[in-house]
Amino acid sequence: MGFLRDVADKSRIQNSIKGLQKVRTWQLVVLLLIVGFVAATFLRLNNIGMVQRREAVINADSQGDEQAIINRLYDLQRYVTSHMNTDLGRGVYLEQSYNRDLQDWQSNSYGDANPNGNIYEKAQQVCAPQFKYYSYAYLQCTTNELAKYPAAANPASDTSKPRQEAYIHNFSSPIWSPDFAGWSVVACAVILLLIVVRLISIGVLQLLLRRRYKRI
């Protein structure tokens, strides 16, 4: 009876190995490559979508439309927080908004209330002829000129001065999202797991046949 049972067990193991071998490993690998390419494409599209929305924020910032800036920031936030592979890195910097607010602050702080007169106007008289349009270099020139005169208030105690970090906006991208990119990544993981399980299962069964049922 024991011999017959061993024969039956060996037959079942051999049938299991044949069943596993019906789908070739190379076929699963090819399928993995195809699905991997699809996943990479969708991940790339997610990233492109983030870049487009980030550029829309920067364009709105350059135009100075406050409501448009808020709307575009909301679009960016909603997209980034719901799609994987949309990390903003250091975030999006509203440079033009900062420059405009800093210029307004300089105009107020270094204006008519200054004991040296309206030194902001004096700075403009020096810098305006040097630049055809408003830019960071123009702002830096103004800042350098203003530094030559004392402000109406102690700059160290003035908390109204715009801070650059307040103009940087960043949003967290999820590790996984239930979109085309997310599900294609899951498909890749499942196929890879099948390949590993298949190889391990065949190896274990063949080892069992050689060691336990070698004499049958």
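Every number in this text was worked out from the coordinates using simple rules, so none of it is lab data. None of these values were measured; they are calculated from a predicted model. Methodologically, a virtual Cβ is constructed for each residue, glycine included, from the backbone with ideal geometry; neighbour enumeration extends over all protein chains shown.
Being in a helix (DSSP H, G or I), of a type in the set (Asp, Glu), closer than 20 Å to Ser177 by Cα and out of contact with any Ser or Thr (no Cβ under 8 Å at 6 or more places or on another chain) narrows it down to one residue among Asp101, Asp75; which is it?
Criteria check complete, one pass: Asp75.
Restricting the search to region 39-58, which residues are among the β-branched types (Val, Ile, Thr) and surrounded by fewer than 20 Cβ atoms within 10 Å (Cβ to Cβ)?
Within region 39-58, Thr41, Ile48, Val51, Ile58 qualify.
If you go through region 168-186 one residue at a time, how many are assigned to a helix (DSSP H, G or I) and of a type in the set (A, V, I, L, M)?
3
Would you confirm, using the coordinates I've provided, whether Leu31 is buried (at least 17 other Cβ atoms within 10 Å of the Cβ), touching a residue at least 40 places away in the same chain (Cβ under 8 Å) and in contact with a helix residue (DSSP H, G or I) (Cβ under 9 Å, 6 or more places away or on another chain)?
For Leu31, the condition - buried (at least 17 other Cβ atoms within 10 Å of the Cβ), touching a residue at least 40 places away in the same chain (Cβ under 8 Å) and in contact with a helix residue (DSSP H, G or I) (Cβ under 9 Å, 6 or more places away or on another chain) - is not met.
Answer with yes or no whether Ile69 is surrounded by fewer than 17 Cβ atoms within 10 Å (Cβ to Cβ), of a type in the set (A, V, I, L, M) and farther than 14 Å from Phe171 by Cβ.
no
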